[in-house]
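The values are calculated or read from the model by the stated rules, or taken from the named source; none is laboratory data. The model shown is predicted, which means the values in this text are computed figures rather than measured ones. So basically every Cβ, Gly included, is an ideal-geometry build from the backbone, and we count neighbours across all protein chains shown. Please note that ligands, DNA and RNA were not included when accessible areas were found on the heavy atoms of the full protein model with its side chains. Shrake-Rupley method; radii C 1.70, N 1.55, O 1.52, S 1.80 Å.
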Amino acid sequence: MESLRKHMEAKGFNRIALKRINTNHFEFKAKVNGINGSFILDTGASNSCIGTKSISHFKLHVTASDVKAAGAGAVNMLTQVSVSNTLQIGKWTKNNVPFVIFDLSHVNEALHLAEAKPVEGILGADILKTSRAVIDYGRNCLYLKE
């Protein structure tokens, strides 16, 4: 029987190694607009997000949004949006990526309490769906298709 890795790579998917952290999230490095950052994978997040503290770090152009964000332990958070960004994870690249921008301090506080490092952003279901993502929990890796 063919391995999942061989099968996915034969179908044109890019394999991305993930690191399981103490919260049981997967952490990985990514580039936004060519700039390195640390992200977590969250299948329960409807949109991919970047923290407000990282706006200048990633050279994001942001506009106001009427949408309120909610997440584990936080509700009714003010948001902004940034569109037309480039996201690169390993060899996989996507252009015109939108990010919801909001305060990720509650996320990073939870990571700190679990003795994990802070992150600049979250990869959510929007990118996972459009890139036909497959998560290999047994091998701690993610497959994305361009």
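Observations on the structure shown:
- Net length available on complete extension from LYS91 to THR63 is 7.2 nm, with 0.36 nm assigned per residue and the Cα-Cα distance removed.
- Where segment 1-67 is the region considered: accessible area per residue in Å², 1.4 Å probe: 62 Å²
- Computed lengthening from ALA114 to GLU146, 0.36 nm per intervening residue step minus Cα-Cα distance: 8.2 nm
- Length added when fully stretched, ALA17-ILE55, from 0.36 nm per residue minus Cα-Cα: 11.1 nm
- Cα-Cα over 28 Å, subset of LYS6/LYS31; LYS6/LYS117; LYS91/LYS117; LYS11/LYS53: LYS6/LYS117; LYS11/LYS53
- 3J(HN,Hα) along segment 122-131, derived from phi through the Karplus expression 6.51 cos²θ - 1.76 cosθ + 1.60 where θ = phi - 60°, amounts to 10, 8, x, 4, 4, 6, 4, 5, 5, 9 Hz, with x in place of Gly and Pro.
- Rg in Å to one decimal, and Dmax rounded to a whole Å, for the chain via C-alpha atoms: 15.2, 51
- Helix-only CD estimate at 222 nm, as mean residue ellipticity for the chain, using -39500 (n - 2.57) per DSSP H run (n ≥ 4): -4000 deg cm²/dmol
- Percent carbon-and-sulfur accessible area, segment 103-146, ignoring ligands, DNA and RNA, probe 1.4 Å: 51 percent
- Taking all Cα pairs closer than 8 Å and separated by 6 or more residues, the relative contact order of segment 1-129 comes to 31 percent.
- Förster radius 22 Å - calculated FRET efficiency between LYS29 and ARG5, Cβ distance, rounded to 0.05: 0.65
- Where the Cα pairs of segment 1-54 fall when distances are cut into 5 Å bins, in %: 4, 14, 19, 21, 20, 14, 5, 3, 1, 0
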